[in-house]
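The values are calculated or read from the model by the stated rules, or taken from the named source; none is laboratory data. The structure presented is a predicted model; accordingly, all values stated were derived computationally and were not measured. All Cβ positions, even for glycine, are placed from backbone atoms using ideal geometry, and neighbour counts span all protein chains on display. Accessible surface areas use protein heavy atoms only, side chains included; no ligands, DNA or RNA. Shrake-Rupley method; radii C 1.70, N 1.55, O 1.52, S 1.80 Å.
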Amino acid sequence: MATIIDGKALAAKVKEEVAQKAAALTAKPALAVIIVGDNPASRVYVNGKKKDCGECGFYSEEYALPAETTQKQLLDLIDELNRREDMDGILVQLPLPDHFDEREVLRAIRPDKDVDCFHPYNVGKLMIGEAGFVPCTPYGVVRMLKEYNIDIRGKHCVVVGRSNIVGKPQAILMLREDATVTICHSRTPDLAAECRRADILIAAVGRVGLITADMVKEGAVVIDVAMNRNEQGKLCGDVCYDEVAKKAAYITPVPGGVGPMTRAMLMENTLYAAMEHGK
Ligand code: NAP
């Protein structure tokens, strides 16, 4: 039976460490969170981020804008926050309502305040291995593996999913840790065969029940990034947890796995920004 990777406990530990480091700074790290419209999931995420900021001793400001906000109004707000010397991080909760050009919005955030690491400048730095922000979800996954002393170097890692937010940066990070990396996606002809080659399998698709036990090598490490709702409305990942847990050496639960770590890594990035800003 697999060891369960306890993302919740680990996230609490990371946040405690962040809080200790933040307390030693000359001023509190400060994060501005912008939410547009009334997407209930986004509201839950934003509330979580505010709570995390409180726990870490950060200063935070929330900007809740109506769905009718224009692109120009949002860009003006970002511009104002970019100029504020006291503000270390700016986060725009995604997805934005359809009439927004998300790419333009993300590019408007000053790279040194881009705590989500979505700006092309920061993505480029990540790609060439320069120090800087690391996207929260993939960063959280690597941190989990390290905290559980799971070897990454020389291991075969299969990442299922190639989004800019999770799959691609996850693959880059695993490469940076000296894994041999395969990236799978919706056009991969034999997903099961690819997955079976994985020492470390990272599922980031968004399909309930996609990863079954027959797709997992005995003793593999299985990380489930996805956050889906099953037919009963229950939160679940891509991995058929019960059957895969019998075969894997390590597994992350959903909820309580990658999700809390993502939140904790946002705090790490905000702390990093504050330190870079000389606080
Ligand atoms: P996304 O942008 O929709 O990307 C999904 C990826 O999965 C795409 O690359 C897609 O391939 C691939 N895919 C779709 N069907 C597939 C199939 N049958 N076989 C293989 N690959 C397939 O999603 P995302 O933003 O990366 O998020 C993925 C999941 O992670 C979602 O459940 C999301 O809720 C969750 N998530 C969790 C956290 C967290 O903190 N835990 C953070 C972010 C996201 P193509 O590129 O070919 O279309």
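Things worth noting here:
- Yes/no for residue 104 being of a type outside the set (Val, Ile, Thr), in contact (Cβ under 8 Å) with a residue 24 or more places away in the chain and exposed (fewer than 14 other Cβ atoms within 10 Å of the Cβ): yes
- Residue within segment 113-127 that is in contact with an Asp or Glu (Cβ under 7 Å, 6 or more places away or on another chain) and polar (S, T, N, Q) present: yes
- Residue check, residue 161 under 13 Å from residue 201 (Cβ atoms) and small (Gly, Ala, Ser): yes
- Subset of segment 230-279 (residues that are small (Gly, Ala, Ser) and buried (at least 19 other Cβ atoms within 10 Å of the Cβ)): 237, 245, 248, 257, 259, 264, 273, 274
- Count - residues of segment 187-200 that are open to solvent by 100 Å² or more (accessible area, probe 1.4 Å) and either in a loop (DSSP other than H, G, I, E, B) or within 9 Å of the ligand (Cβ to nearest atom) (or both): 3
- Top-ranked residue of segment 115-143 - restricted to ones that are open to solvent by less than 20 Å² (accessible area, probe 1.4 Å) and touching a strand residue (DSSP E or B) at 6+ places or on another chain (Cβ under 7 Å), ranked as farthest from residue 258 (Cα to Cα): 115
- Candidate set: segment 2-19, residues that are aliphatic (A, V, I, L, M) and outside any loop (DSSP other than H, G, I, E, B); chosen: the one most open to solvent (accessible area, probe 1.4 Å): 4
- Check on residue 270, away from the ligand (no atom under 14 Å from the Cβ), among the hydroxyl-bearing types (Ser, Thr, Tyr), closer than 30 Å to residue 58 by Cα and touching a residue at least 40 places away in the same chain (Cβ under 8 Å): yes
- Matching residues, segment 242-259, being in a helix (DSSP H, G or I) and under 12 Å from residue 141 (Cβ atoms): 258, 259
- Scanning segment 156-182 for residues that are more than 10 Å from the ligand (Cβ to nearest atom), on the phi < 0 side of the Ramachandran plot and open to solvent by 70 Å² or more (accessible area, probe 1.4 Å) yields 175, 176, 180.
Listed here are the residues, each with its yes/no results for (1) open to solvent by 60 Å² or more (accessible area, probe 1.4 Å); (2) touching a strand residue (DSSP E or B) at 6+ places or on another chain (Cβ under 6 Å); (3) free of Cβ contacts under 8 Å to residues at least 12 places away in the same chain.
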site: 44; (1), (2), (3): yes, no, yes
site: 50; (1), (2), (3): yes, yes, no
site: 53; (1), (2), (3): no, yes, no
site: 59; (1), (2), (3): yes, yes, no
site: 68; (1), (2), (3): yes, no, yes
site: 72; (1), (2), (3): yes, no, yes
site: 76; (1), (2), (3): yes, no, yes
site: 79; (1), (2), (3): yes, no, no
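- Odd one out for residue 133 among (1) of a type in the set (A, V, I, L, M, F, W, C); (2) near the ligand (Cβ under 8 Å from one of its atoms); (3) under 14 Å from the mean Cα position of the chain (by Cα): (2)
- Being over 19 Å from the mean Cα position of the chain (by Cα) and part of a loop (DSSP other than H, G, I, E, B) is a property that residue 218 has.
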